[in-house]
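Remarks on the structure that follows.
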Amino acid sequence: MKYWSQTFIPTLKESPADAEIASHKLLVRAGLVRKLSGGLYTFMPLGLRVMQKISQICREEMEREQPAQERGGAIELWMPHVHPVELWEKGPRWAAAREIMFRVDSAGAGKGRSKEPEFVLGPTHEEVITPLVKAEITSYRDLPKNFYQIATKFRNEIRPRFGLMRAREFVMMDAYSFDATDDGAIKSYLAMKTAYENFFRRIGVTAIAVEADTGVMGGSFSHEFMVPAEIGDDDVIYNEESGYAANREKATSGLVPADLVDAAPVGELEEFATPGVVTIAALEAAPYSVAADKQFKTLVYVGDGKPFLVILRGCDELEEAKIGSLGFTVFRPATAEEIEPVLGAKPGSLGAVNGSVKNQSALAGIFADHAIRLVGNGTTGANKDGVHVRNVNVTRDLAITKFGDFRRVRPGEPDPKSGQPLKVRRGIEVGHIFKLGTKYSEKFEAVYTDDKKQSHPMVMGCYGIGVSRTLQAVIEQSHDADGIIWPWAIAPWQVLVVNLDPQDAAATALVKQLATAAEKAGADVLIDDRVERPGVKFKDADLIGIPLRFTVGGKGLKEGIFEFKPRRSKEVRKIAIADADTVVAQVVHEAAVKA
Ligand code: ATP
Ligand code: MG
């Protein structure tokens, strides 16, 4: 048991000015963290205790065997946080990831590498674990293996916000699996998915697995674990009945029927003057009156230094993450200055009609969203300022390099599985699993020899749980107007015994008795022994959110009773001192079983 006066829980009445969301306010008010600077936080004793409890449960679930997938548990290790930059240069994502990485200027800055750092701080550890495994594992007999750590990660986020949600330094569980075969890699992936589900359930948070984009990590498939919350950064597109759930970045819909027959041309191409018309909406208006779903929208991007076009319906928006499927290492929207020399016009009059692009050979490709096939014959820019062209037929007039899914799905569109209407809700990404494939093992030559002495690259998976973000997501999901309501398993303490008369010997003796009984029943106990007014103690108790509270002292003690109140309920139960040990044991058991 711990005495409040002997730990340090600096609670606050007021929320910090920079805290916009409930969980951030409560983190600070309940004394769990203190801010050093944007995205950098000290974990105070209470916050640290929760983090240690979450980490311990995470560890247990990572190490648990998964017989259904024929997989043992993951194996813990600890890797350096400071990485030689050469490893990152050798790896596949330096160009994409360098922006977010902290560089370490060392004394070596003068040794001819002054423009590049010698070291970087690790945002994750693929570049460290893969060379390690290459050096240590050579035979199929030593596979599969899955290594994990629970450690600090560094990311120079452009906009750190919401406290621990998007921090510059944060705690992550990261794991890396190595398999001999693709089937094996899928088993490792599924074993981790199960471990994640068990972990989130045990800590008492609802987190849903959704299909996710593979982003700069590449890889073949991926799930994110999302805690549903209004303040989340991600949109989850879902339908409960069919079970479809995907991050909006990845979500598809059944909008374009599989058996769609492409429309035949309706007439000759016909240019018409549209002075000053540079938006979809302006062309929708009179006198032109071209509905947005009868327009083609032409976007210009630059991928790995070369411009390319993305064609969408006028009524659709680009889902930028989906461009990732085209395989460019880095891409961005082209600037107006870059556009004109290639297309021949300024944005607002752009199109992709055969022969109208000024310098078509400069393009890395013309990529079209499937849904433009629904347009059939439509209107687009003529690549002459103030001119559009009508009767543009998708098959006859557009030289599409490749069709793909590039548009943002909208709620109400048919689910790709069942045709039911899709819905959208916000979520906080607390975990991510990737089946990575051989991208890293090929780069770092992490190969093994099979039973016929043939050499193959290992098939990898990588996995992350944002431990510190999860801590805050729990608060976001479980609080009320008075404070945090901790789930049993990760509460900093599970039982709080409030002593209203810490100077009174009888009160103090009963407090000790209750605390001992609760500990015997398996609970972590905090005793509020501060000399403070009852009102202050009760407010603090609600704020820090300990699941069970016993209160001793005042009138009740003279009447031979003490009080019991679960954090979740408003009702106070009076208990006879004579029944103390049995009742304490009983309510602790009940709380532990329910959890
Ligand atoms: P996000 O999309 O939120 O930026 P990410 O996809 O870049 O996250 P991953 O590389 O998948 O993150 O990292 C694994 C986990 O680490 C995430 O699921 C998230 O819970 C956590 N995480 C990532 N970035 C941060 C951050 N800046 N602060 C706190 N936790 C983070
Ligand atoms: Mg992620």
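The values are calculated or read from the model by the stated rules, or taken from the named source; none is laboratory data. No experiment lies behind these values; they were computed from the predicted model shown. Reconstructed Cβ throughout: ideal geometry from the backbone, glycine too, with neighbour counts over all protein chains shown.
Here are some notes:
- Test: residue in the stretch 144-160 that is more than 21 Å from residue 447 (Cβ to Cβ), of a type in the set (Gly, Ala, Ser) and within 16 Å of ligand 1 (Cβ to nearest atom): yes
- Scope the stretch 343-359; condition over 20 Å from residue 289 (Cβ atoms), in contact (Cβ under 8 Å) with a residue 24 or more places away in the chain and either surrounded by fewer than 18 Cβ atoms within 10 Å (Cβ to Cβ) or out of contact with any Asp or Glu (no Cβ under 8 Å at 6 or more places or on another chain) (or both); matching residues: 343, 344, 346, 347, 350, 352, 354, 356, 357, 358
- Filtering 205, 227 for residues that are among the β-branched types (Val, Ile, Thr) and within 16 Å of ligand 2 (Cβ to nearest atom) leaves a single hit, 227.
- Any pair with Cβ under 6 angstrom, 6 or more apart, that starts in the stretch 188-214 at a residue that is in the same structural domain as residue 428 (by TED's automatic domain parsing) and in contact (Cβ under 8 Å) with a residue 12 or more places away in the chain and ends at one that is in a helix (DSSP H, G or I) and aromatic (Phe, Trp, Tyr): 207/200
- Here the condition is being within 16 Å of ligand 2 (Cβ to nearest atom) and either out of contact with any strand residue (DSSP E or B) (no Cβ under 7 Å at 6 or more places or on another chain) or more than 19 Å from residue 155 (Cα to Cα) (or both); of 437, 431, 461, 466, it holds for 461 alone.
- Residue tally, condition in a strand (DSSP E or B) and either within 29 Å of residue 93 (Cα to Cα) or within 29 Å of the chain's Cα centre (by Cα) (or both), over the stretch 289-318: 14
- The set of residues from the stretch 544-591 being in contact with a Lys or Arg (Cβ under 8 Å, 6 or more places away or on another chain), without any contact (Cβ under 8 Å) to a residue 24 or more places away in the chain and over 23 Å from residue 46 (Cα atoms) comprises 556, 561, 563, 571, 572, 573.
- Qualifying residues in the stretch 144-200 (those that are out of contact with any helix residue (DSSP H, G or I) (no Cβ under 8 Å at 6 or more places or on another chain) and among the small types (Gly, Ala, Ser)) - the one nearest to residue 22 (Cα to Cα): 151
- Qualifying residue in the stretch 171-183 (condition: more than 12 Å from ligand 1 (Cβ to nearest atom), touching a residue at least 12 places away in the same chain (Cβ under 8 Å), of a type in the set (A, V, I, L, M) and surrounded by fewer than 24 Cβ atoms within 10 Å (Cβ to Cβ)): yes
- Taking first residues from the stretch 418-446 that are farther than 27 Å from residue 134 by Cβ and partners that are acidic (Asp, Glu), the Cβ contacts under 6 Å between residues at least 6 apart in sequence or on separate chains come to 420/241; 422/413; 422/415; 424/235; 426/230; 427/234; 429/224; 429/234.
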